[in-house]
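Structure record follows, encoded as C-alpha cells.
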There are 2 protein chains.
Amino acid sequence: MTTTAKPSSRDRLLDAAAELIYRQGVGTGIDALCKAAGVSKRSMYQLFDGKDDVLAAALARQEPRLTALLVPPPGKPAAPRDRILYVFQRLEEAAASPDYRGCPFLAAQVELKDPGHPASAVAARGKQALTDFFQAEAERAGVAEPGLLARRLAIVYDGASARAGIRSEVLDGLAVSTAALLLDAAGLAAGDAGS
Amino acid sequence: MTTTAKPSSRDRLLDAAAELIYRQGVGTGIDALCKAAGVSKRSMYQLFDGKDDVLAAALARQEPRLTALLVPPPGKPAAPRDRILYVFQRLEEAAASPDYRGCPFLAAQVELKDPGHPASAVAARGKQALTDFFQAEAERAGVAEPGLLARRLAIVYDGASARAGIRSEVLDGLAVSTAALLLDAAGLAAGDAGS
C-alpha cells in the first residue's frame, strides 16, 4: 500500500467502543458508543447485530495490539525465562500509566458475568493465547510441568493487572519478581538458554 | 437475646442487593434491587441516599461473613504458614461452587472503575484487611520482607479468584500450591511454628 487507508466506520466504531468500554465498562450504552465514534445508530445497526456484537468485535480488534505489546518478537529475547519475564515487564510499564484500568479482556469477563456471552468468549480466547505462550516457552525450557507453570503465571498476571487497574497496587517490580520466583521454583533459572 | 430478630427492611435490602450485584454486576438497577428485597422504592430512599449508598452498604455488610469464611480463628491452625494457606484453601472450596463469581470486592472495584466511589472504598478496605492478615502472619514468622510477601499473596489470591470466577480456571489446588511456593521462597517453610 502506498497510502494509509482512512479508518472505516466499522473500525472507528470499534476503536471508540473499545476505548469507552475500557474506561466505563460493558454497561456503556449504544447511544454513547455511536456518539463517541461519530456514527449514526442506523449505520451501527447496518454493521452489527447489536451491542453484544459490537462488544465482541471491539475486544477482538484489540487483540493484535495487546499481543504486540505483551509478547516478545521471535528471538528477542531468546531465552524462555527472559521471554516470559518480558510479558510481566510490559505489564508493569502499561500499569504505570494513569489511564491503566487492568486487562480489558479480564475486565469484560468480570463485568459480563457470563462465559457464554460472545464478548466473554473473545476475551477468553485472548487470555488463553497468553497462557499458551507461557506454556510454549516453559516447554521449550524443558520444565517438568509446563502447563502448571503457565497457569501459575496466568494468575499472577491477572492478579497483578487487576490490582494495578483498581489502584490497590503500584506494581513497581512486584509482578516481574513474583513471576521470577515461580520460574525459579519450576527450575527455570536465570541464564538457562532453553533447548 | 432470646429470640432471633426478624431482618429489618435495611438488612433485607442489603442482602438482596449483595446477591443481585454479585450475580449481575453493579449496573443492576434500583427497581430490580427493591423488587428482589421486597421493599418499596419509597422505603429504600428513606433508608439510603441512593444507589451508590446501597452498593457501599451492601459490600460493607458482606465483610464480616467473608472474613469469617477466609480468615482462620485465633490459634486454629497456629503456624503462620498454615494460617496463610488456610485462606487459599477456603478460596479453593468457595471457587468450586457453580455460583462462584470471584471476589465480590474485586468485582465491584473492576466494575465501578472509580477508586473514589464509596463502594470502591469499602471494597478496597475489605481487600486491604486480607493483605494485612498475610503481612501480620509473615511478620510473626519472622520473614525478611513481610509486606512484600503479603503483596505477592494478594495478587495470587486476586488472580486465582478472578480466573475461577470467570470460569477460565478450575483451581484444583493451584491457588494453594502457588501460595505455598511463594511462602517457600520467602523462607516460610512447612513445619515452622512461628515465633
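The values are calculated or read from the model by the stated rules, or taken from the named source; none is laboratory data. Computed from a prediction, not measured in an experiment: that's the story for all the values here. Because the Cβ atoms are built from the backbone with ideal geometry, glycine has one as well, and the counts that use them run over all protein chains shown. Please note that ligands, DNA and RNA were not included when accessible areas were found on the heavy atoms of the full protein model with its side chains. Shrake-Rupley method; radii C 1.70, N 1.55, O 1.52, S 1.80 Å.
Values for this structure:
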read-out	value
Checking A:Ser168 against (1) open to solvent by 10 Å² or more (accessible area, probe 1.4 Å); (2) closer than 20 Å to B:Asp184 by Cβ; (3) touching a Lys or Arg at 6+ places or on another chain (Cβ under 7 Å); (4) at the interface with chain B (Cβ under 9 Å from one of its Cβ atoms), the condition it does not meet	(2)
Any hit, segment B:32-42, residues being within 14 Å of chain A (Cβ to nearest Cβ) and open to solvent by less than 30 Å² (accessible area, probe 1.4 Å)	no
Filter pass, A:Thr131 being within 10 Å of another protein chain (Cβ to nearest Cβ), closer than 16 Å to A:Leu70 by Cα and of a type in the set (S, T, N, Q)	yes
Matching residues, segment A:12-58, being modelled with pLDDT of 90 or more, charged (D, E, K, R) and touching a helix residue (DSSP H, G or I) at 6+ places or on another chain (Cβ under 8 Å)	A:Asp15, A:Glu19, A:Asp31, A:Lys41, A:Lys51, A:Asp52, A:Asp53
Failed condition for A:Ala179, given (1) surrounded by fewer than 23 Cβ atoms within 10 Å (Cβ to Cβ); (2) among the hydrophobic types (A, V, I, L, M, F, W, C); (3) more than 7 Å from chain B (Cβ to nearest Cβ)	(1)
Residue within segment B:95-113 that is more than 10 Å from chain A (Cβ to nearest Cβ), open to solvent by 20 Å² or more (accessible area, probe 1.4 Å) and under 16 Å from A:Asp158 (Cβ atoms) present	yes
Subset of segment A:18-56 [touching a residue at least 60 places away in the same chain (Cβ under 8 Å) and assigned to a helix (DSSP H, G or I)]	A:Ala18, A:Ile21, A:Tyr22, A:Arg23, A:Asp52, A:Asp53, A:Leu55, A:Ala56
Helices (runs of 4 or more DSSP H) within segment B:81-195 that include 2 or more residues more than 23 Å from A:Lys127 (Cβ to Cβ), within 13 Å of the chain's Cα centre (by Cα) and in contact (Cβ under 8 Å) with a residue 24 or more places away in the chain	B:118-140
